[in-house]
Amino acid sequence: MSRSDLLGTIMREHREGLVSYAEKMLGDRGLAEDIAQETVIRAWRNIDRLLEMEGSVRGWLFTVARHLVIDWVRKPHARRELVGVTYGDPASGFDGTEAVHDALVARALLRRLSPEHRAVLVHIYLCDRSIQETAGILGVPAGTVKSRHHNALRKLRGVSYGVRSR
């Protein structure tokens, strides 16, 4: 198979599957399309390796897509350029499924909170801001941030263990 034939096959047979796969994990079609596009770019950059590979090209593609999603989920507050990161051999044994699962569970739990409570947790934990910094950004007193933080964590503890918070 030639280089252009392989790339055409990847685009025809795998691109939509990659988009669907990433969309299921991310819940964002546009971002999923970016992930699929970056995966195809990486395939093009590694086309010689893919042509020589004995294993599944599909498996390689989905592994690269999974790594891109994991990278994105780890930095949800900052859109980063997706082009230019290289990965090792997908058969290396690294399986980011657990990290992706944890991130998806965290996102689902955060969606159960009010926007005010969610914003406090995002600023404190994802943006690594202090109570004072968060209060300044949100335009509320520090005591309000502390209360929202406490109540949000309390609710998440109850939800995550299947117990309702009082």
Find the residue count for the range 138-149, including only residues that are surrounded by fewer than 18 Cβ atoms within 10 Å (Cβ to Cβ) and either in a helix (DSSP H, G or I) or among the small types (Gly, Ala, Ser) (or both). 7
Filtered residues of the range 1-41 (kept if at pLDDT 85 or above and either of a type in the set (Ser, Thr, Tyr) or touching a Pro at 6+ places or on another chain (Cβ under 9 Å) (or both)): SER20, TYR21, THR39
Considering only the range 5-22, state which residues are more than 11 Å from ALA65 (Cβ to Cβ) and surrounded by fewer than 18 Cβ atoms within 10 Å (Cβ to Cβ). ASP5, LEU6, LEU7, GLY8, THR9, MET11, ARG12, GLU13, GLU16
Among the listed residues ALA91, ALA135, identify the single one that is assigned to a helix (DSSP H, G or I), farther than 22 Å from SER20 by Cα and modelled with pLDDT under 80. ALA91
In the range 47-68, anything in a loop (DSSP other than H, G, I, E, B) and either hydrophobic (A, V, I, L, M, F, W, C) or at pLDDT 85 or above (or both) is listed as MET53
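The values are calculated or read from the model by the stated rules, or taken from the named source; none is laboratory data. Remember, predicted model here, so these are calculated numbers, not experimental data. Cβ atoms come from the backbone with ideal geometry, glycine included; neighbour counts cover every protein chain shown.
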